[in-house]
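Here's the structure we're looking at; comments come further down.
The values are calculated or read from the model by the stated rules, or taken from the named source; none is laboratory data. Everything numeric here is computed off the predicted structure, so don't read it as measured data. Note that we place each Cβ from the backbone using ideal geometry, even for glycine, and neighbour counts take in every protein chain shown.
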2 protein chains.
Amino acid sequence: MRIGELAAQTGMTRDTIRFYEKVGLIAGRRLANGYRDFPPEAVAWLQYVRAAQTLGFSLAEIARTGEELRGVPDASEALSALFEEKIKLVDARMSELAALRTELAERVGTGCPLRAVVPDGNGGGNPTGRPSPKALGPVN
Amino acid sequence: MRIGELAAQTGMTRDTIRFYEKVGLIAGRRLANGYRDFPPEAVAWLQYVRAAQTLGFSLAEIARTGEELRGVPDASEALSALFEEKIKLVDARMSELAALRTELAERVGTGCPLRAVVPDGNGGGNPTGRPSPKALGPVN
DNA sequence: CTAAACAGTGGAGTACGGTCCAAGGTCAAG
DNA sequence: CTTGACCTTGGACCGTACTCCACTGTTTAG
């Protein structure tokens, strides 16, 4: 598969794929004429890359995952370990999100004065006359 | 509060705070000598910024949130609406993560050939002799 | 009064993740 | 044999989020 088709099938641009090759995310073999040639699995791999990326993994991290999978005698075990690691990361991210969600949910309807916390040039007073119940609390 | 103290209390550098002011994330009033002067609430605000940021919100998004909170006659309702919106975003992110988690968990112990999908210059063959059960499946 | 600590500005540089462009090579159809 | 689609490379450029630097002004402690 040449770069154009891979681009079409993944929704990425040719430039993006060339960039990914440059940073080691994907390795193209070459045809006799110098054109890149990708196996069909490259489509799935790039979709995985996109998925991982939108979940907050950097290209370097994703590439490292790929790297670690190569050069391992039996990939099966290594894969399981790697996936378990990723799951831990995902779980950690999820609980961070859950914490923020709780934070946010608590503030709904309480009239918490985030406003007092957004400097707005009006002098930082309390123009509403309402009391200021502590402003946002511990976020960390 | 001057910039140095704010920096110390938030763990940010002065440069970062100046940068945040430049992009409208925080607005400093000025003392007679030109020094920035921040209200104590700025600490909580910057902590909130960090929290939101590590959860994947861009500075522009965070700034917009702040913007929207200003110029609203009664901030309390606007705040609740905004928080509910953020909660939806957080929920969406969490379910994406949950989906990836499932994906990953399913692959643990299955020996799924992600390797076949990471071009490695050895020709793309199947050096292990094991069959290739479809490589990664639908990620989207 | 001087030195250090703190503040200000503008501008350059960095890392990441692309995106665009110019100049040219390859290939199939007409 | 030309046209057009497709491919190559290298390098410039963009937005985001800082980070560092040089140079200058202000405040504070000895």
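Numbers at a glance
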{"quantity": "Test: residue in the range B:69-84 that is at pLDDT 75 or above and facing another protein chain (nearest Cβ under 8 Å)", "calculated": "no"}
{"quantity": "Enumeration of residues in the range B:27-46 that are within 8 Å of DNA strand C (Cβ to nearest atom) and modelled with pLDDT under 90", "calculated": "B:Gly28"}
{"quantity": "Filtered residues of the range A:20-35 (kept if part of a helix (DSSP H, G or I) and over 18 Å from the mean Cα position of the chain (by Cα))", "calculated": "A:Glu21, A:Lys22"}
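This table checks each residue for (1) crowded, with 20+ Cβ neighbours inside 10 Å; (2) more than 10 Å from chain A (Cβ to nearest Cβ); (3) within 12 Å of DNA strand D (Cβ to nearest atom).
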position	(1), (2), (3)
B:Leu25	yes, no, yes
B:Arg30	no, yes, yes
B:Phe38	yes, no, no
B:Ala42	yes, no, no
B:Val49	yes, no, yes
B:Leu55	no, no, yes
B:Ile62	yes, yes, yes
